[in-house]
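What follows draws every value from the coordinates through simple rules; no lab data is involved. Small disclaimer: the values here were computed from a predicted structure and weren't measured. Every residue, glycine among them, receives a Cβ derived from its backbone with ideal geometry; neighbour counts consider all protein chains shown.
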Amino acid sequence: MEDERALVDGPSLDSLAETLSPDPFYLSPGGRRFLLAAALIGGMLRGSRVLDVGCGFGPAAVDLAEAFACRVTGFDSYGPYLAVARQAAIERGVERLVTFRQLADREPLSEFRHGSYDVILGLGGTLSETIPGGLEAGIAAAAAWLSVGGLVIFCDLVAAATPSELVNAVYDGKLRTEASYFEVLEEFGFDLIFAARATRAVWVSLHRTMALLRDRSIGLKPPANADRERIATAAAIHPEVAFLNVVARRRAE
């Protein structure tokens, strides 16, 4: 039977973004534009099966469902985030394409079948934060969940230069270099397609999003509010801290 999915073809990044809601609530530098660019760069198929790790308010899940007719499962440990995400899916008319689940700790590792997804999302550092065991555990989980040739689209804080004592203190000594990220991808069977640091202008956009959430009385997961504000502020003013956006493909073993 001919595969009903077809390559995402035709629209430019700008024209695609213009078709979507102007209020996406992304809490990662790069946000929607990086997600859509990653989908186009990676040659994502329409109707792809997507797993959104630590989906939060669900902006990425809803955007991919609306823009590319993807079937998306998103999970997060915080129920109030998921309530906002479900409402957004209804308002955007994609509630039949998107499923949101509340899962915590190690639950996701046994809930999703190996090889059953075409795209894994880990925006906002969720691959290294959501799965117990840090970055290696998150990339290993993504490799297990993906079909051969599937995409992982993720982003995370990195050390762009040798961190100062102050920055090490702010980030509890957990900042990793870009090279170490690429080594982990290689270790777990991924070929790098694209990687770029988020610009300083993107940090400004992130602060605006957090301010918008506060204005609308939509709280961030405690203690994530204070932590994210502190980390985002530090990253915006310290050149040794960067945010790395990555697209990689799982290769055949």
message = Need the full-extension length gain, Thr162 to Ser15, defined as separation in residues times 0.36 nm minus the C-alpha distance. One decimal, nm.
response = 49.0 nm
message = Taking the number of other C-beta atoms within 10 Å as the exposure measure, put His238, His114 in order starting with the fewest.
response = His114, His238
message = How would Phe182, Phe25 line up from fewest to most surrounding beta-carbon atoms within 10 angstrom?
response = Phe182, Phe25
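Report the charge-dipole magnitude of the range 23-249 in Debye, nearest 20, computed about the Cα centre from +1 at each Lys and Arg Cβ and -1 at each Asp and Glu Cβ.
680
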ask   = What is the local net charge at Arg249, summed over the other residues whose Cβ is closer than 14 Å to its Cβ (Lys, Arg +1; Asp, Glu -1)?
value = -2
task = Please work out how much length the chain gains when fully extended from Arg46 to Ile237, using 0.36 nm per residue of separation minus the C-alpha to C-alpha distance, in nm with one decimal.
result = 64.9 nm
message = Explain nothing, just compute: Karplus ³J(HN,Hα) = 6.51 cos²θ - 1.76 cosθ + 1.60, θ = phi - 60°, for every residue of the range 79-96 in order, whole Hz, x for Gly and Pro.
response = x, x, 4, 5, 4, 5, 4, 5, 5, 5, 4, 5, 5, 8, x, 10, 4, 7
query = Tell me, what is the percent relative contact order of the chain, built from C-alpha pairs under 8 Å that lie six or more residues apart?
reply = 20
inquiry  = With θ taken as phi - 60° and the coefficients 6.51, -1.76 and 1.60, list the Karplus ³J(HN,Hα) couplings across the range 57-62 in order, rounded to whole Hz; mark glycine and proline as x.
reply    = 6, x, x, 5, 4, 5
message = Test of understanding: in a Gaussian network model of the chain with alpha carbons linked when under 10 Å, which of Gly30, Gly149, Gly42 would top the mean-square fluctuation ranking?
response = Gly149
Whole-Å distance, taken between Cα centres, linking the range 113-147 and the range 59-101 = 18
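Among Val62, Val84, rank each residue by its count of other Cβ atoms within 10 Å, from fewest to most, as a rough exposure measure.
So the residues, fewest neighbours to most, are Val84, Val62.
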ask   = Per-residue HN-Hα couplings for the range 156-166, Karplus 6.51 cos²θ - 1.76 cosθ + 1.60 at θ = phi - 60°, whole Hz, x for Gly and Pro?
value = 6, 6, 9, 8, 7, 8, 4, x, 6, 4, 4
